[in-house]
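*Asks:* I have a structure here, written as structure tokens, and I will follow up with some questions on it.
The values are calculated or read from the model by the stated rules, or taken from the named source; none is laboratory data. For clarity, every value in this text was computed on a predicted model and none was experimentally measured. Note that we place each Cβ from the backbone using ideal geometry, even for glycine, and neighbour counts take in every protein chain shown.
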């Protein structure tokens, strides 16, 4: 009996010891679970504080850290300060650790005196729990749902006027001299024109974009000169080796408007214009005629309107010519016919009857009293009378300003290119499932739905030749289905149409002259994304637009979503910023 009683006593001791261990393990498990729940919520507080702090870096870095700072505020939003069910006690929460590292914010909130529940039995009273997080500014680069239209994004950094014959810089232009009738900035400046050839010389504009790209507005991508102006000087018309006794002093275009230019990118109807000529020593009875490009069927008779044959102004009349004659520039020559002899000048002016162009307006002006675009060859080099002033404007993206989003029929920016893009180009891409039946989308589908395929800044995008008239405004055209009968609700920038208006669209922005300089199908890099409101397209009743033409008002650059970069690569520092968590030591 004594042995069995001893064994029973030993079992009781073992059971008591086992229960103590089991209770300790249970207490540890329960308390560990409680601490983990605390830490999970504390990690949420850290993430919220770091992200909020990084967001504040964009606007006001001085308000990121410290008591009442953005990081502190959002860390404490996860405590019992805002909700009694939260485990973290605000009174015990220390958010003092906050530091800014480059373009990132690091926080490490600590909750002190978190009590043990069952651990107190074992002598454990409380502990501290901490979490940490780091977030940085990132730059968004990818967007989806784009319309298949490429809009050139020109952002001039420097503007110069260049002589076509020598390549010399005549003048450097700066902004701050007003705006064009459409609301685009004028760039103005002056320079000295020496050593001019007979009749004068054409000049063109050279722009260095903020990206460092140098653009010469000297041809249209097909080798056709588009120049921007002419510095005129005297010329003596000739017939073979025989010279006329007369002299062409100056030639300029007259249109009955204040701005002496023939750039009308928003005009679809033909513009009429005349040409004035300043002549001296015209023989009595001689006929004066103005020719465009020297073609015999393109001339117009000029009549003496002021002065005398010895020194007078001759004019064709304001409606002698029309911008419908040609989309490109035209050289102007003057002929003087005396009896059976016709004397012809060199090119003495160039006019630019464009309907569409990135280059919006441009003209030259000297101090002469007649038309203001004439430099006398008798002046010494560097003389004040050789100073010529220039003024030019470009179609740029200005909030609230209308531009041509896609060109219309007969007005390609370059051979076959009207501004259309082919965005969903590969039917094997999984993004095609956003289209019914996973079929290959055409241009109309992409206009109606927006492209399924996401595009990133810097990625190459495929251009698409053809005007796409039926795909745009046909009975089943993309804009016909998208817009329907919804009218143009645009009034002012201060009161834009609501977001649900079907005329709001997002398009891809491409580099300056990247479409104008193409020849056939090609690729061009994406430089950004733009938000526009379509004010008119060719199907709109009474629009008067060319077939396939689309116009819209620029609103802003679209905020992409998805992939991002940790550096801003835009030369002017204009990047779409967001925030993202990152490794603590990353």
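*Asks:* Determine which single condition residue 146 fails, assuming it passes every other condition in (1) at pLDDT below 85; (2) surrounded by fewer than 21 Cβ atoms within 10 Å (Cβ to Cβ); (3) not assigned by TED's automatic domain parsing to the domain that holds residue 78.
*Replies:* The single condition residue 146 does not satisfy is (2).
*Asks:* Here is a list: 105, 117. Which entry is part of a strand (DSSP E or B) and either buried (at least 17 other Cβ atoms within 10 Å of the Cβ) or out of contact with any strand residue (DSSP E or B) (no Cβ under 7 Å at 6 or more places or on another chain) (or both)?
*Replies:* Sole residue among the options that is part of a strand (DSSP E or B) and either buried (at least 17 other Cβ atoms within 10 Å of the Cβ) or out of contact with any strand residue (DSSP E or B) (no Cβ under 7 Å at 6 or more places or on another chain) (or both): 105.
*Asks:* Residues of segment 349-395 being in a loop (DSSP other than H, G, I, E, B), at pLDDT below 85 and within 23 Å of residue 276 (Cα to Cα), which ones?
*Replies:* Once the filter is applied, which keeps residues that are in a loop (DSSP other than H, G, I, E, B), at pLDDT below 85 and within 23 Å of residue 276 (Cα to Cα), segment 349-395 yields 352, 353, 355, 367, 368, 369, 370, 371, 372, 373.
*Asks:* Within segment 37-50, which residues are surrounded by fewer than 22 Cβ atoms within 10 Å (Cβ to Cβ), touching a residue at least 12 places away in the same chain (Cβ under 8 Å) and under 14 Å from residue 109 (Cβ atoms)?
*Replies:* Those that are surrounded by fewer than 22 Cβ atoms within 10 Å (Cβ to Cβ), touching a residue at least 12 places away in the same chain (Cβ under 8 Å) and under 14 Å from residue 109 (Cβ atoms): 38, 39, 41, 43, 44, 47, 48.
*Asks:* How many residues does segment 56-115 contain that are on the phi > 0 side of the Ramachandran plot and touching a residue at least 12 places away in the same chain (Cβ under 8 Å)?
*Replies:* Adding up the residues that qualify gives 3.
*Asks:* Scan 506, 495 and give me the residue that is in the same structural domain as residue 555 (by TED's automatic domain parsing) and either farther than 27 Å from residue 156 by Cα or crowded, with 23+ Cβ neighbours inside 10 Å (or both). Explain how you work it out, then say what you get.
*Replies:* Numbers: 506 fails: either farther than 27 Å from residue 156 by Cα or crowded, with 23+ Cβ neighbours inside 10 Å (or both).
Only one candidate qualifies: 495.
*Asks:* Go over the candidates 435, 448, 455 one by one and state the one that is under 22 Å from residue 504 (Cα atoms), over 22 Å from the mean Cα position of the chain (by Cα) and modelled with pLDDT of 80 or more. Don't jump to the end; show me each part of the working.
*Replies:* Values: 435 fails: modelled with pLDDT of 80 or more; 455 fails: over 22 Å from the mean Cα position of the chain (by Cα).
Selected residue: 448, the only one of 435, 448, 455 that is under 22 Å from residue 504 (Cα atoms), over 22 Å from the mean Cα position of the chain (by Cα) and modelled with pLDDT of 80 or more.
*Asks:* Something else: Report the residue count in segment 295-327 for those that are assigned to a loop (DSSP other than H, G, I, E, B), modelled with pLDDT under 90 and more than 15 Å from residue 272 (Cα to Cα).
*Replies:* So the count comes out to 1.
Rundown of residues vs (1) within 14 Å of residue 582 (Cα to Cα); (2) at pLDDT 90 or above; (3) not assigned by TED's automatic domain parsing to the domain that holds residue 512, yes/no style:
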site	(1), (2), (3)
72	no, yes, yes
86	no, no, yes
95	no, yes, yes
106	yes, yes, yes
112	no, yes, yes
121	no, no, yes
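*Asks:* Here's a follow-up. Select from segment 203-233 the residues that are over 18 Å from residue 152 (Cα atoms), part of a loop (DSSP other than H, G, I, E, B) and at pLDDT 80 or above and list them in ascending order.
*Replies:* The answer is 233, and nothing else.
*Asks:* Ok, one more. Can you find a residue in segment 558-573 that is within 18 Å of residue 152 (Cα to Cα), crowded, with 17+ Cβ neighbours inside 10 Å, modelled with pLDDT of 85 or more and assigned by TED's automatic domain parsing to the domain that holds residue 466?
*Replies:* no
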